Amino acid sequence: MTQKKVAPTVSTVAGNLPPSYEEANAGCPSYCCTDGLIFWEDKNIRRVFIRKVYSILMLQMLVTITIVAVFMFLAPVRFYVQTHPGLYSLSNFLFLGTYLALSCCGELRRQFPWNLILLTVFTLSMACMLGFVSSFYNSRSVVLCLGITAAVCLSITIFSFQSRVDVTSFQGILFMLCMVMLCCALVMGFVVPFGYVPWLHAIYGIVGAIVFTMFLAFDTQLLMGNRLYTISPEEYIFATLSLYLDIIYLFTFLLQLFGEGRE
């Protein structure tokens, strides 16, 4: 038998006014009122949000590693994708389309099941692009870069959750590093047609690896909810998308640094 809660009657007689909104909610554990602004923050909601993001991210990484392994270790598949570059262009088109849809359309990425469908297409297209690129590299160097990426991601995740350093406040540093990276890319665009410059590619790879390592820490701390900038628990698709791209780009720059061409 359930007990029915009866709302108290509100009296408007002077001297017997009902409590204010702040007074009525002052005892709630998830309620906080500061300078007239009301904030609701439940730690359980934040924990569920973090678990959801990392669960989806682990599925994305599993699918990506599987597709990359198929493209690398199965000789017929490797030969087919290397002789049909149109597949890479198709994957690139799907990647750009789904990325723009998920990053620019806030209502779409919060609407189930379209958000998960778009995220699935995005992951498959990115995995195919990465598998196409990895098929031209030696398998040992790809595995080495994969191991380095996993170690960096684990270290950055532990650092982001344990450290008191607020990386979300380093937006100026990230902007300057992005500008350095853009300048390196422009210089490479002018120089590469005249010949391969190893040291320039090395600098570009180092800067790119540093930038996306910092972005990984930045996006990880956005999940925590106790930093200068946080992300809403409703944006689990966008948070997953950001972390996934940080990891993939970090891997590609490490592959540019340490990867060896297939003989």
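For segment 113-163, how many residues are within 18 Å of Gly208 (Cβ to Cβ) and among the β-branched types (Val, Ile, Thr)?
6
So for segment 71-78 (the condition being closer than 15 Å to Tyr244 by Cβ, out of contact with any strand residue (DSSP E or B) (no Cβ under 9 Å at 6 or more places or on another chain) and without any contact (Cβ under 8 Å) to a residue 40 or more places away in the chain), does at least one residue qualify?
Taking segment 71-78 as the starting set, the residues that turn out to be closer than 15 Å to Tyr244 by Cβ are none.
There is no residue in segment 71-78 that is closer than 15 Å to Tyr244 by Cβ, out of contact with any strand residue (DSSP E or B) (no Cβ under 9 Å at 6 or more places or on another chain) and without any contact (Cβ under 8 Å) to a residue 40 or more places away in the chain.
In segment 129-151, what residues are free of Cβ contacts under 8 Å to residues at least 24 places away in the same chain and within 22 Å of Tyr80 (Cα to Cα)? Explain how you work it out, then say what you get.
Going residue by residue through segment 129-151, those that are free of Cβ contacts under 8 Å to residues at least 24 places away in the same chain are 143, 147, 150-151.
Val143, the sole residue that qualifies.
Considering segment 152-165 alone, what residues qualify as being surrounded by fewer than 14 Cβ atoms within 10 Å (Cβ to Cβ) and either in contact (Cβ under 8 Å) with a residue 12 or more places away in the chain or of a type in the set (D, E, K, R) (or both)?
Within segment 152-165, the first condition is being surrounded by fewer than 14 Cβ atoms within 10 Å (Cβ to Cβ), and the residues that meet it are 154-155, 158, 161-165.
The answer is Phe161, Arg164.
Residues that are surrounded by fewer than 22 Cβ atoms within 10 Å (Cβ to Cβ), touching a helix residue (DSSP H, G or I) at 6+ places or on another chain (Cβ under 8 Å) and modelled with pLDDT of 90 or more: does segment 249-262 have at least one?
yes
The values are calculated or read from the model by the stated rules, or taken from the named source; none is laboratory data. Keep in mind that what you see is a predicted model, and the values were worked out from it rather than measured. All Cβ positions, even for glycine, are placed from backbone atoms using ideal geometry, and neighbour counts span all protein chains on display.
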